[in-house]
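Asker: Right, I'll just put the structure down here and ask away after.
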Amino acid sequence: MSKAKKSTPASIVWFEIPADKPERAKAFYGKLFGWKINPFPGMPDYQHIDTGGADASPDGGLMKRMYPGHTITSYVLVPSVTKFMAKVEKLGGSICKPKTAVPQMGYFAICQDTENNTFALWEMNPKAK
């Protein structure tokens with residue numbers, strides 16, 4: 001008898017905070033939580049947020065707000081962005097930004113759920129181009 005494949009729930013692995021004034025947000029979150037916020041290598045307009053938590057605690061990014069209403073985005077780890085984009089649409093959600101590569105790191109897609117909340121799918125892949 002074969003055992004049924006046990007499914008592992010998806011977990012949040014990254015978050016992004018948009019800001020009208022990133023330096024102001026950097027000061028706020030740094031003082032509030034003690035987070036270390038520094039430029040992300042190779043991305044001058046993107047700051048890495050080191051939350052200082054345990055390995056299971058996600059770090060994040062701080063960036064300039066891209067559009068009115070741009071809110072905090074949580075990135076959820078999935079085995080395949082492509083498969084989960086299809087699942088989002090099948091369940092009544094929509095794709096706001098299709099599968100996009102982050103070179104040598106992975107792929108992401110920005111989605112919207114049935115309640116108009118945005119979130120991102122993240123697939124780790126060091127071969128991403």
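Asker: What fraction of the Cα pairs in the chain, stated in percent, has a spacing above 27 angstrom?
Answerer: Numbers: 2019 of 8256 pairs.
Distances greater than 27 Å cover 24 percent of the Cα pairs.
Asker: Let me ask you something else. Ignoring everything except DSSP H segments at least 4 long, calculate the 222 nm mean residue ellipticity for the chain; use -39,500 (n - 2.57) per segment, divide by total residues, nearest 500.
Answerer: The per-residue figure over the chain is -5000 deg cm²/dmol.
Asker: Can you compute the charge dipole magnitude of the chain about its Cα centre, using +1 on each Lys and Arg Cβ and -1 on each Asp and Glu Cβ, nothing else charged? Give it in debye, rounded to the nearest 20.
Answerer: Roughly 360 debye for the chain.
Asker: Could you pull out the trypsin sites (Lys or Arg not before Pro) across segment 1-75 that fall in loop regions by DSSP (anything but H, G, I, E, B) with no more than 15 other Cβ atoms inside 10 Å?
Answerer: 3, 5, 6, 65
Asker: Would you mind counting up the charge near residue 107? Only other residues with Cβ under 14 Å from its Cβ, with Lys and Arg at +1 and Asp and Glu at -1.
Answerer: That works out to +4.
Asker: Still on this model: Can you give the % of DSSP beta bridges in the chain that are antiparallel, to the nearest 5? Could the numbers behind the result be given before it?
Answerer: Values: 26 of 35 bridges.
The antiparallel proportion sits near 75 percent.
Asker: In degrees, nearest 10, range 0 to 90: what is the angle between the Cα axis of helix 22-33 and the longest Cα principal axis of the chain?
Answerer: Relative to the chain, helix 22-33 is tipped by roughly 80 degrees.
Asker: To continue, here is another question. Give me the distance between the Cα centres of segment 109-129 and segment 2-48, rounded to whole Å.
Answerer: Between the Cα centres of segment 109-129 and segment 2-48 lies a distance of 14 Å.
Asker: Next question. With θ taken as phi - 60° and the coefficients 6.51, -1.76 and 1.60, list the Karplus ³J(HN,Hα) couplings across segment 81-87 in order, rounded to whole Hz; mark glycine and proline as x.
Answerer: Residue by residue, segment 81-87 yields 4, 4, 5, 6, 4, 4, 5 Hz.
Asker: Sticking with this one: If the cut-off is 16 Å between C-alpha atoms, which aspartates and glutamates fall inside it for residue 90, apart from same-chain ones fewer than 8 positions away?
Answerer: Candidates past the 8-residue exclusion: 113, 115.
Asker: Then there is this: Using the heavy atoms of the protein chains and a 1.4 angstrom probe, tell me the accessible area per residue for the chain in square angstrom.
Answerer: Working: 9010 Å² over 129 residues.
Heavy-atom SASA per residue in the chain reads 70 Å².
Asker: Out of the total accessible area of segment 1-103 (probe 1.4 Å, heavy atoms of protein only), what percent is carbon and sulfur?
Answerer: The value for segment 1-103 is 60 percent carbon and sulfur by accessible area.
Asker: Going by amide H atoms built from the backbone, whose H comes under 5 Å of the H on residue 106, apart from near neighbours?
Answerer: Residues meeting the criterion, in which the H sits 1.01 Å from N, are 125, 128.
The values are calculated or read from the model by the stated rules, or taken from the named source; none is laboratory data. Since this is a predicted model, take the numbers as computed values, not measurements. Methodologically, a virtual Cβ is constructed for each residue, glycine included, from the backbone with ideal geometry; neighbour enumeration extends over all protein chains shown. What goes into the accessible areas is simple: the full protein's heavy atoms, side chains included, and nothing from ligands, DNA or RNA. Shrake-Rupley method; radii C 1.70, N 1.55, O 1.52, S 1.80 Å.
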